[in-house]
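Asker: Below is a structure I'd like to ask you about.
Read-outs throughout are calculated quantities, based only on the coordinates presented, and are distinct from any laboratory measurement. All of these numbers come straight from a predicted model, not from anything done at the bench. Reconstructed Cβ throughout: ideal geometry from the backbone, glycine too, with neighbour counts over all protein chains shown.
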Amino acid sequence: MQRKTTMLRFHQLLKTSPPCESQAHALSSPIPCHRKASMWVPVKHKSSGGRRPKRKVYHRVHELDKVMDFQKKPALILQLKSIIQSQKHQSLLLRDLEKEVGFVQKWNFMAAIEKYPSIFYVGGGNRTPPFVTLAEKAKKVAREEAEAKDLMEPILVKNLRKLLMLSVDCRVPLENIEFIDSELGLPNDFKKSLLPKYPEIFSVKELNGKLYLHLENWDSSIAVTAREEQLGGEGISAPSGLGNKVRISKDGNFLGPHAFRMSFPAGFRPNTSYLEQLERWQKMDFPSPYLNARRFDIADPKARKRVVAVLHELLSLTMQKRMTSAQLDAFHSEYFLPSKLLLCLIKHPGIFYITNKGARSTVFLKEAYDGLNLINKCPLLLFNDKFVALSGRREINSCKTMHSP
């Protein structure tokens, strides 16, 4: 039901919104697009002498759709591992599995237990009730998780601090943090295991009957976006001084300190007018996402570009550079996000991608992926890949590893 509601909202936004920059080419380009690779949405137009009404197109990125499909089995294996490890004797009676995951999901987990004997061992019989535990090889690999979590802690502290620094009041409802804790890589008990270790950085306070996570100390040295760090690594820190006659890049990418990396979907054919507008947008400077949003008028084009930078940074702080649309929308008040958040994301198909694969609508940061492959993986994701590989699944290796600061 939630997925259908999201799709209905998605269609309504496309129908009611005027043609945006990212869709201008679709209204003027003579190149047809395949129905399988895009979503066709009819839009009302004034009569044009009997011509068929033009349509807006949202192009699919099949690789990112497949990412959602391919995560189902690893998620199941890792969840069962966590359930087993949470038991007192590191084993779970099969009759208690339903209590942990519910009646419907129980059968999926039972199938996984039977299918992956290299990970899960079933014991018991006669007078002993059947139970499941980790196989010996799986236990050996699981011991490496502690090291991965140690490496993750400074990364988590930094990212959680930046998450608070992005907010207008340097505070975020604790329930919002819990809503995205798995995306950030936080442990389930982070309120007890992580926050108390850093009282000089974090505090939990009640405000109007709601608990908030507060930032105690601002750190200007980390008030730098992932986009800026990437440009700095490429040696781009000042305007290039290129004139207006520079050749327009057909892929939308431009060199400059205010540019975003673009990755147009297959079938996306921008015309010259669209690329010229995009070039002006790429060259336009804008305030840092770490400056307070109250200082800017949202009607200002520079402030609107800043919103794109805020969304970019939010996704960059997650382990897999993606969040559900509901999770992003949960931070609407804290980051002064636009009321029509979905429309804002649709307007920038070179930066963000929305997929409805899976149980919920998910927003990807496109530059973080090379096809199916997440380019940068944190220590916890690398450990997860190694554990899931025991099932015989060939995991896609990361090109780079995220290190702690």
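Asker: Amide H neighbours of Tyr121 under 5 Å, at least 5 residues apart or on other chains, H built in the peptide plane: list them.
Answerer: Thr133, Leu134, Ala135
Asker: Distance between Cα centroids, the range 136-176 to the range 197-215: provide it in whole Å.
Answerer: Each part's Cα centre sits 17 Å from the other's.
Asker: What is the Cα centroid distance between the range 61-131 and the range 265-301, reported in whole angstrom?
Answerer: 46 Å
Asker: Further question: So if each residue of separation counts as 0.36 nm, and I subtract the Cα-Cα distance between Ala146 and Met110, what length gain in nm does that give?
Answerer: Numbers: separation 36, 0.36 × 36 = 12.96 nm, distance 2.69 nm.
So the chain would gain 10.3 nm between Ala146 and Met110.
Asker: List every residue whose amide H lies under 5 Å from the amide H of Met323, counting only residues 5 or more places away in sequence or on a different chain, with H placed 1.01 Å from N in the peptide plane.
Answerer: Val363
Asker: Pull up all non-local amide H partners of Asp370: gap of 5 or more, or a different chain, and H-to-H distance under 5 Å with H placed in the peptide plane.
Answerer: Ile375
Asker: Which FRET efficiency value, to the nearest 0.05, is calculated for Asp96 and Glu63 with the Förster distance at 51 angstrom and r the Cβ-Cβ distance? Intermediate values should be presented prior to the final figure.
Answerer: Details: r = 39 Å, r/R0 = 0.76.
Between Asp96 and Glu63 the formula returns 0.85.
Asker: Further question on the same structure: Decide, for the range 143-220, between rounded, prolate and oblate: order the square roots of the alpha carbon gyration tensor eigenvalues as a ≥ b ≥ c, take rounded if a/c falls under 1.5, and otherwise choose prolate if a/b is larger than b/c, else oblate.
Answerer: Numbers: a/c = 1.96, a/b = 1.57, b/c = 1.25.
Taking the square roots of the gyration eigenvalues as a ≥ b ≥ c, the range 143-220 is prolate.
Asker: For Leu207 and Ser193, calculate 0.36 nm times their separation in residues minus their Cα-Cα distance, and state this gained length in nm to one decimal.
Answerer: Roughly 2.7 nm would be gained on extension.
Asker: Here's another thing I want to ask about it. Once phi is turned into θ = phi - 60°, what whole-Hz ³J(HN,Hα) does the Karplus curve with 6.51, -1.76 and 1.60 give for every residue of the range 325-339, x standing for Gly and Pro?
Answerer: Using θ = phi - 60°, the values come out as 4, 5, 5, 5, 5, 5, 9, 4, 6, 6, 10, 6, 6, x, 5 Hz.
Asker: Students often get this wrong: which residues of the range 368-394 have the backbone nitrogen under 19 Å from the point 7 angstrom along Cα-to-C-beta of Lys137?
Answerer: Under cut-off, by backbone N: 383-394.
Asker: Moving to a separate point now. So for the range 251-405, averaging the separation of alpha carbon pairs under 8 Å that are six or more residues apart and normalising by length, what relative contact order in percent results?
Answerer: Averaging sequence separation for qualifying contacts and normalising by length gives 19 percent for the range 251-405.
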